[in-house]
Amino acid sequence: MIGRLHHVILDCPEPEALAEFYSELLGLPVTYRSDDFVVVARDDATSGIAFQRAPDHRPPQWPDPRYPQQVHLDVMVDDQDAAEGQVLALGAVALPGDHVYADPAGHPFCLIPRPSWAPPVHPS
């Protein structure tokens, strides 16, 4: 092994706003903030997703290859239809495809059914 995944970093025009979106979507806290860089993770000693200010950010356009995805996240959920309403209420936009959405800065993500090996996202 040469290394270990640290943060997945998304370029965006407003790091704080996009971090708040993913904090709500994933149920994880914002663990680090600066003007140009914000991190969402389980805690401040855990890898997570980071959001970096890119003043000239051009959002991807699904599925147009002239505007590449740049990053694509799969988010496992217990119920895709219930989760759809929640992500749309957070500010996501539905894109063509099966449960495909864009976050407020235009990055695509999918809501995928929780695999059988994974514990429930929301235990009963």
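Given MET76, HIS6, GLY27, which one lies farthest toward the positive end of the charge dipole of the chain, if we put +1 on the Cβ of every Lys and Arg and -1 on the Cβ of every Asp and Glu?
Farthest towards the positive pole: HIS6.
May I ask you to rank ASP64, ASP43, ASP103, ASP79 by accessible area, largest first, using a 1.4 Å probe over the protein chains only?
Details: ASP64 35, ASP43 55, ASP103 5, ASP79 80 Å².
The ranking, largest first, comes out as ASP79, ASP43, ASP64, ASP103.
Counting just the Cα atoms, what span does the range 77-124 cover along each of its three principal axes? Round to the nearest Å and put the largest first.
The Cα atoms of the range 77-124 stretch 31, 18, 16 Å along their principal axes.
For the chain, just the Cα atoms, rotate onto the principal axes and tell me the three extents in Å, largest first.
The Cα atoms of the chain stretch 39, 36, 34 Å along the principal axes, largest first.
Tell me the mean residue ellipticity at 222 nm calculated for the chain from its helices only (DSSP H runs of n ≥ 4, each -39500 (n - 2.57), averaged over every residue, nearest 500). Please report the intermediate quantities before stating the final value.
Working: 2 runs with 23 residues, N = 124.
Calculated from helices alone, the mean residue ellipticity at 222 nm is -5500 deg cm²/dmol.
Taking the Cα centre of each part, how many Å lie between the range 87-107 and the range 18-69?
Centre-to-centre (Cα) distance: 14 Å.
Run the dipole for the chain about the Cα centre, Lys and Arg Cβ at +1, Asp and Glu Cβ at -1, nothing else charged, and hand back the magnitude in debye, nearest 20.
On the way: 7 positive and 18 negative charges, 72 e Å.
Roughly 340 debye, rounded to the nearest 20.
How big, in percent, is the set of alpha carbon pairs in the range 41-87 lying more than 13 Å apart?
Numbers: 795 of 1081 pairs.
Result for the distance tail: 74 percent.
How many Å² of accessible area per residue for the chain, probe 1.4 Å?
On the way: 7740 Å² over 124 residues.
Averaged over the residues of the chain, the accessible area is 62 Å².
Please tell me the relative contact order of the chain in percent, rounded to the nearest whole number, where contacts are Cα pairs under 8 Å and at least six residues apart. Let's see the in-between values first.
Values: 216 pairs, mean separation 27.2, N = 124.
After rounding, I find 22 percent.
Ignoring ligands, DNA and RNA, how do ILE9, ILE112 rank by accessible area with a 1.4 Å probe, largest first? It would help to have the intermediate numbers written out before the result.
Working: ILE9 75, ILE112 50 Å².
My answer, sorted largest first, is ILE9, ILE112.
As a test question: what accessible area, to the nearest 10 Å², does SER47 have when a 1.4 Å probe is rolled over all protein chains in place?
Roughly 50 Å² of SER47 is accessible to a 1.4 Å probe.
The values are calculated or read from the model by the stated rules, or taken from the named source; none is laboratory data. It should be emphasised that the depicted structure is a prediction, and the values quoted were computed from it without experimental measurement. Using ideal geometry, Cβ is built from the backbone for each residue, glycine included, and neighbour counts are taken over all protein chains shown. Please note that ligands, DNA and RNA were not included when accessible areas were found on the heavy atoms of the full protein model with its side chains. Shrake-Rupley method; radii C 1.70, N 1.55, O 1.52, S 1.80 Å.
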